[in-house]
Each structure stands twice: as structure tokens, then as C-alpha cells.
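To keep things clear, I will list the structure first and then write my remarks on it.
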Amino acid sequence: MRCPFCGGPDTQVKDSRPSEDSSAIRRRRVCPDCGGRFTTFERVQLRELVVLKRSGKRVPFDRDKLQRSIDVALRKRTVDPERVERLVSGITRRLESGGEGEVTSEAIGEAVMEGLKGLDDVAYVRFASVYKNFREAQDFQDLLGTLGDRLEGEPTLPQEEEQAAPAPPGEEAGPRRRRPARKSA
């Protein structure tokens with residue numbers, strides 16, 4: 001394997017072990033030329049997949065692009081990286097074992113949305129807004145409505161409930177009223 005730092009053609013494997021979910025082999029490598037250390041992953045590839053884009057263009061399936069798309073949706077969210085890796089591996093495995101050598105970008109997008117819906121609601125909404133090309137607030141409301149239907153019946157957390165403000169002496173306690181939003185001129 002070529003060194004990513006100096007481009008040296010020969011690197012040495014210092015350590016090999018299975019990844020957390022055993023879907024890949026993690027190898028620590030060192031370059032004898034520059035001393036640079038880096039990690040590689042070796043994965044089973046069941047078949048060469050080709051992605052049929054909406055434009056009609058055909059491109060090779062890129063697992064790293066799938067990973068980056070999910071990472072962007074999950075940016076600044078506290079989701080265990082192991083769960084993200086399982087999601088990416090699961091989607092890739094499902095696509096490869098689907099029997100088709102060609103898969104549509106829509107099928108990949110739907111698989112990602114389904115996986116994110118179970119992983120993190122905020123990431124699901126972020127990904128859906130880009131994937132479905134949301135143009136107006138109503139698009140978000142419609143999507144959030146489907147999430148609301150799914151979440152109905154689940155207990156709410158205490159911090160999600162409306163907190164009553166302490167009432168000044170002589171007044172009833174009740175929810176605080178908000179000032180109306182300013183109208184722009």
C-alpha cells in the first residue's frame with residue numbers, strides 16, 4: 001500500500017485486528033521511508049455496484065461517500081460512532097446482496113433515511129431536507145408531522161414539558177405568555 005504522506009510504494013503492517021462489528025479488518029501501517037503511521041480498513045465486497053443517478057449517469061458505488069453523507073447529517077449530534085458504522089455497513093450489505101448490479105440513487109437515499117429515522121430524528125430531518133430538496137417551510141412541517149405521528153404515545157421528558165414560571169405574590173401561577181413576534185416592515 002502506498003504511503004499517504006510521502007507516496008512511498010511499500011508500507012509495513014504493524015497491527016491487524018477485526019473492527020468492532022467484525023465487518024472489516026483494521027490495519028495499522030508504517031512507512032519505512034518517512035516513518036508516517038496510518039490506518040487502513042479491509043472490507044468484503046460482494047459485488048461491484050453501479051449507482052444510477054437521477055440524471056441518468058452511472059457511477060461506481062462509493063461507501064465513503066455514503067459515510068460522509070451520513071456524517072454530515074449527524075454533525076454535532078451525540079451518536080455513538082459504532083452505531084453509525086453499523087448503519088453504513090448494513091446499508092452497504094443490503095445493497096450488495098440485493099441481487100442487482102445496478103442500484104438507483106433513490107434506493108440509497110431511502111435506505112439512508114430509514115436508517116437515520118431509527119438513529120437520530122434531527123439527522124433524519126437534515127438528510128431528508130437535502131435529499132428531498134425542500135424549498136419551503138411546509139415541506140419541513142409535513143416531514144415533522146410524520147415524525148410526530150411516530151412519536152405520539154411516547155412519554156415526554158420533564159424538560160420538554162412547559163415549565164410554569166413562579167407567580168409574583170398575589171397572582172395565579174400559570175404558563176408564561178410570549179410577546180407576539182415583531183412584524184417586519
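Each reported figure results from applying straightforward, stated rules to the coordinates on display, with no laboratory input. Small disclaimer: the values here were computed from a predicted structure and weren't measured. Virtual Cβ from ideal backbone geometry, glycine too; neighbours counted across all protein chains shown.
Computed FRET efficiency, Cβ-Cβ of THR39 and PHE140, R0 22 Å: what is it to the nearest 0.05?
0.05
Considering the zone a paramagnetic label at VAL72 would reach in this model (a point 7 Å from Cα along the Cα-to-Cβ line), which residues of the stretch 111-134 have amide N under 15 Å from it?
Within reach of a label on VAL72, which here means backbone N under 15 Å from a point 7 Å along Cα→Cβ, the stretch 111-134 contributes 112-113, 123-134.
Please report, in cubic angstrom per residue, the volume enclosed by the convex hull of the alpha-carbon atoms of the stretch 17-122.
144
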